[in-house]
Amino acid sequence: MKKLQLTIYLNETDMSGDLALHEVVVRKLLSLEMAGATVMQGVMGYGRHGKVHRKRLFGVSDDRPMLIIAIDDEDKVRKILTEIKAMVPEGLITVHEVEVA
């Protein structure tokens, strides 16, 4: 079965008001009735700004990368994409076709 995967790349310290941006985005996906979403915390990464984000001594964060992955029907993903883009002005958003077994 063909679906679209929405992947949103953020940093751990990205905020929306007083809340973590990844939490705000996941709650928005839930309210838009996406089939599901998962947040994953990266160990290390960098983006267009060239700053390396990683775990430091004693597990203290240095603004680690975060990924939000959601998979649903193409029409639903396309419908919410504009709204999600507005919420994530600095992050990278990708959409690609996946096969769900």
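Assorted remarks:
- The chain - mean residue ellipticity at 222 nm from DSSP helices (-39,500 (n - 2.57) per run, n ≥ 4, rounded to 500): -8000 deg cm²/dmol
- Choice from 35, 86, 70 with maximal GNM fluctuation in the chain (Cα, 10 Å cutoff): 86
- Each of the peptides 14-24, 43-53 was scored by the mean count of other Cβ atoms within 10 Å over its residues; in descending order, highest first, they stand as 14-24, 43-53.
- Degrees between helix 21-31 axis and first principal axis of the chain (Cα, 0 to 90, nearest 10): 20
- Proximal charge balance of residue 20 [Cβ under 15 Å; K/R count +1, D/E count -1]: -3
- Across the chain, C-alpha contacts under 8 Å between residues 6 or more apart give a mean separation that, scaled by the residue count, equals a relative contact order of 45 percent.
- Cα-Cα pairs of the stretch 1-97 separated by more than 17 Å (percent): 50
- Partner lysines for residue 51 [C-alpha distance under 27 Å; skip if fewer than 8 residues away on the same chain]: 85
Taken together, the values in this text are just the output of simple stated rules run on the coordinates, not laboratory data. Remember, it's a predicted structure, so these values are computed and weren't measured experimentally. FYI the Cβ positions are ideal-geometry reconstructions off the backbone, even for glycines, and counts take in every protein chain you see.
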